[in-house]
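These notes are about the structure you will find just below.
The values are calculated or read from the model by the stated rules, or taken from the named source; none is laboratory data. Small disclaimer: the values here were computed from a predicted structure and weren't measured. We place every Cβ from the backbone using ideal geometry, glycine too, and count neighbours over all the protein chains shown. Note: accessible area is taken over every heavy atom of the protein model, side chains too, but ligands, DNA and RNA are not part of it. Shrake-Rupley method; radii C 1.70, N 1.55, O 1.52, S 1.80 Å.
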Amino acid sequence: MNKPFVADEHFQNEDFAKNPLPKADYEACIFEGCQFQDGFLDNQNFVDCTFTDCDLSNTNIAHTIWNNVRFESCKLLGLSLDTSAAGLLTVTFSNCNLTLANFGGQSLKKTHFIGSNLTQADFTNTDLTESNFTDCNLDHALFENTNLNKADLSKAFNFNIDPEANFIKQAIFCKEELIGLLKKHDIVVQ
């Protein structure tokens, strides 16, 4: 069964938590001020779409394709991006709240997380090669078997990354935040 194709639509201030977004292939659509929290966006396809000031907290996004999708100033609490379609996840986050988001096992090479709150986000087994974490709060974010090769964490803060349990070759860090690589040793740096 083919899904409908929706292109170049602008959805503004819609409450998709109460009235779910119809299953379709969405291309070059803008979602502005829309509510999706605790709702269903599973098995959807989004290509070249932008979500601005939307709330997708705890939304079911299982098997959803996010291809070249931008999230700007969105609330994405507890979002399980680990359930999205593998290999078809190319996203950008700007000034988003991604507290408790789960990215586990996804390939997110060259992903930009700019000015976002990633408190307690789970990056276990995630490929973040060449990703950018400018002005991101990574307090209690989980990094285990995570590929951070060539990632830019020079302006990230509150991170706790074990270099022995992750891949960090040529990753960029600010010297003032290097304590985030030593926390497991329980040492005092002054």
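Structural remarks
- The chain: C-alpha gyration tensor shape, a/c 1.5 cut-off, then a/b vs b/c: prolate
- Carbon/sulfur fraction of accessible area - the range 1-149, other protein chains in place, 1.4 Å, %: 45
- Cut-off 14 Å (backbone N to label point 7 Å along Cα→Cβ of residue 107), residues of the range 124-165: 126-130, 147
- Summary value for the chain: 11 percent relative contact order, contacts being C-alpha pairs under 8 angstrom separated by 6+ residues.
- 3J(HN,Hα) from dihedral phi, the range 5-13, Karplus parametrisation 6.51/-1.76/1.60, rounded to Hz, x for glycine, proline: 10, 10, 10, 6, 9, 10, 9, 10, 6
- About the Cα centre, charge dipole magnitude for the chain (Lys/Arg +1, Asp/Glu -1 at Cβ), debye: 420
- Of 6, 24, 103, farthest towards positive along the dipole that unit charges on Lys, Arg, Asp, Glu beta carbons give the chain: 103
- Shape of the range 44-147, Cα gyration tensor, a/c cut at 1.5: rounded
- For the range 10-169, the tally of Lys pairs with Cα-Cα distances below 27 Å comes to 13, considering only residues 8 or more apart or on different chains.
- Sites residue 158 and residue 43, calculated FRET efficiency, Cβ-Cβ separation with R0 41 Å, nearest 0.05: 0.70
- With DNA, RNA and ligands ignored, accessible area of residue 21 (1.4 Å probe; Å², nearest 10): 10
- Rel. contact order, % - alpha carbon contacts under 8 angstrom, at least six apart, the range 118-167: 40
- Using every pair of distinct Cα positions in the range 108-151, the Kirkwood expression returns a hydrodynamic radius of 10.2 angstrom.
- Close amide H pairs (under 5 Å, H built 1.01 Å from N) link residue 141 with 120, 121, 160, residues at least 5 positions away or on another chain.
- Solvent-accessible surface ranking, highest first, for 140, 10 at 1.4 angstrom: 140, 10
- Site pair residue 95 and residue 3 shows an inter-label distance of 2.9 nm when each label is modelled 7 Å from Cα along Cα→Cβ.
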